[in-house]
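Here the structure is laid out as C-alpha cells; the discussion comes afterwards.
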Amino acid sequence: MIVHRVLFVCLGNICRSPTAEGVFRKTVESRGLAGRFEIDSAGTGDWHLGAPPDHRAQRAAARRGIDLSGLRARRISAADLAAFDHLIAMDRDNHASLTRLAGAQHRHKVRLFLELSPGIDGDEVPDPYYGGEPGFDRALDLLEQASRDLHDHLSPADGDRE
Ligand code: 4NP
C-alpha cells in the first residue's frame, strides 16, 4: 500500500532531481519498503523535456549502482501538485518556484530537501550542470545522506516493524 508520494523537483529535471529520485528509490528498496512509496521527479523549467538525465549524472549514479537511464525529463504539472504529498526542492530557487506554483492549497507540501539533514552544512544541493564531474559526485553525497534522513523522517518506526 502506497503511504507516501514523493516528488523531487529541480530546474531542468536532468541532473539533481532524477538523481534524487534514483537515490531515494534505492534507499527505500534497500530497507525493503519500496511498496510504500511512489517516487518521481520533475523540473520547474521546460528546456529538456523528454531528455534522459545528463550523461555526467548517469555516470556518477552508475558508479554507485543506480541506473538513471530510463528516466525522461518532464515539467511539473498542476496534477503533480495535487497528487504528491511531498514536493521536495533541491535549492532555494526551486523552493520559491514551487511555493508560487503550489499556491495556498499545496504550499504546506513544499520543503527543501536538506532541511531534514542537520548534519549537512547548508540547505541547498548545488546545481552541478555548469561544473565538472566532481559536482555530480558531491550532489550524490548530499542526496544519499538526505535520502536516509527523509526516509527516517517519513517512516520513523519502519525499521522496528520490518
Ligand atoms: P538540474 O540542472 O536542475 O539539476 O536538472 C540543470 C539542468 C539544466 C539547466 C539548468 C540546471 N539548464 O539551464 O538547461
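The values are calculated or read from the model by the stated rules, or taken from the named source; none is laboratory data. Note that this is a predicted model, so its numbers are computed, not measured. Cβ atoms come from the backbone with ideal geometry, glycine included; neighbour counts cover every protein chain shown. Only protein heavy atoms, including side chains, enter the accessible area calculation; ligands, DNA and RNA are left aside. Shrake-Rupley method; radii C 1.70, N 1.55, O 1.52, S 1.80 Å.
Points worth noting:
- Any chance ALA60 is outside any loop (DSSP other than H, G, I, E, B), away from the ligand (no atom under 11 Å from the Cβ) and touching a Ser or Thr at 6+ places or on another chain (Cβ under 8 Å): yes
- Subset of segment 24-56 [buried (at least 24 other Cβ atoms within 10 Å of the Cβ) and part of a helix (DSSP H, G or I)]: PHE24
- Tally, over segment 63-99, of residues that are assigned to a loop (DSSP other than H, G, I, E, B), within 14 Å of the ligand (Cβ to nearest atom) and basic (Lys, Arg): 2
- Any hit, segment 85-102, residues being at pLDDT 95 or above, on the phi > 0 side of the Ramachandran plot and open to solvent by 10 Å² or more (accessible area, probe 1.4 Å): no
- Hits in segment 1-23 - residues which are under 28 Å from GLY132 (Cα atoms), part of a strand (DSSP E or B) and more than 11 Å from the ligand (Cβ to nearest atom): LEU7
- Qualifying residues in segment 112-154 (those that are polar (S, T, N, Q) and part of a helix (DSSP H, G or I)) - the one most open to solvent (accessible area, probe 1.4 Å): GLN145
- Being surrounded by fewer than 16 Cβ atoms within 10 Å (Cβ to Cβ) and within 16 Å of PHE136 (Cα to Cα) holds for only one residue in ARG107, ARG64, and it is ARG64.
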